[in-house]
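Quick notes on the structure that follows.
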Amino acid sequence: MVLMTAPQHSFEQARTTIAKLQTNLNQVMVGQQRNLQWLLAAFSSAGHVLLEDVPGTGKTTLAKALALSCHADFQRIQFTPDLLPSDILGLSIFDQQTQSFRFEKGPIFCHILLADEINRASPRTQSALLEAMAENQVSIDRKIRVLQAPFFVIATQNPVEFHGTYPLPEAQLDRFALKFSLGYVTAEQEVAILQSQSQKLAIDSLQPCISLAELCQLQEQVKQVRISTELQHYIVAIVAETRNIPEVKLGASPRASLALMKCAQALALIDGSDFVTPDVIQELAVPVIAHRLGLDSQSTFSGIDAKSLVHDIVQKITVPV
């Protein structure tokens, strides 16, 4: 009989947790296998996710499915133009009986927060999430209130060309570890969706499959996935190159390097490996970095986009051997 060492045992536990989440999400989402794994990579590395797509592609459904798969506190905020920061953070209310103020917590005090159509709210309201997403705390009435751990934000937004939307400020975008789109499924997959939901919605029967403790253990295990010093230099070289491109007026910050490393560790774990390889970094470079870049107006009008620039950088930077 061969006994597993503690690290091997923890690794297998983490893989089991990921498998449970994938199985649950696959009951709801059809034809989105790799996108689901990207979402879980951010989720298990304590990053936040921004889903940008046209209405009706399953953004909100995916976010709800992830929240329902965990025994964790879940809150949803529907962002609208008249939403105020206090509607997110909470506010102090005067109690007539005690003749004192008491603080009523807002929906941000949870483990998983769904910020639905985040770009329909004003920049002032959007900024209410900045401190929470970066530091897991909020400052209200001159007091710092720490959020529960883990804290995960999954936000959805419609393309900014749509009516009634506000572009997210650069500081807000930089808080998201990953930004990607689900896109349309194939005709066959869409037929499968119709057949599976002809009687009832699949999400209505979804049950929690992991505990909060398992989620915390998963996030700890992701940190143990090995990444060599050479690959860390590779990540920094990719991110640093974004600051040297003439078309980019705002390059990626060191936060992008950290996000790319952590998400690469998580995706390697999801793929069944206990170490990071260059191809995982290359795969995640665009969804981790592209949304953080600010292009100059001339490049934007010329049709140059951040995704193609990051892709070119990845092709140019020498891969360590």
Counted residues in the stretch 208-220 being crowded, with 20+ Cβ neighbours inside 10 Å and either among the hydroxyl-bearing types (Ser, Thr, Tyr) or assigned by TED's automatic domain parsing to the domain that holds Gly272 (or both) come to 0
With criteria (1) in contact (Cβ under 8 Å) with a residue 12 or more places away in the chain; (2) loosely packed, with under 14 Cβ neighbours inside 10 Å; (3) of a type in the set (D, E, K, R), Glu117 comes up short on (2)
Test: Ala252 is at pLDDT below 90 and hydrophobic (A, V, I, L, M, F, W, C) | no
Residue count, the stretch 61-83, condition in contact (Cβ under 8 Å) with a residue 40 or more places away in the chain and in contact with a strand residue (DSSP E or B) (Cβ under 9 Å, 6 or more places away or on another chain), comes to 15
Across (1) surrounded by 15 or more Cβ atoms within 10 Å (Cβ to Cβ); (2) assigned by TED's automatic domain parsing to the domain that holds Asp116; (3) out of contact with any Lys or Arg (no Cβ under 9 Å at 6 or more places or on another chain); (4) assigned to a helix (DSSP H, G or I), Ile203 clears everything bar (3)
Filter the stretch 219-260 for residues that are of a type in the set (Ser, Thr, Tyr) and within 21 Å of the chain's Cα centre (by Cα); the one that is nearest to Ala14 (Cα to Cα) is Ser257
Scanning the stretch 111-143 for residues that are over 22 Å from Lys64 (Cβ atoms) and basic (Lys, Arg), the one modelled with the highest pLDDT turns out to be Lys143
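The values are calculated or read from the model by the stated rules, or taken from the named source; none is laboratory data. All values derive from a computational prediction rather than experimental measurement. Counting neighbours? That spans all protein chains shown, and the Cβs are built from the backbone with ideal geometry, glycine included.
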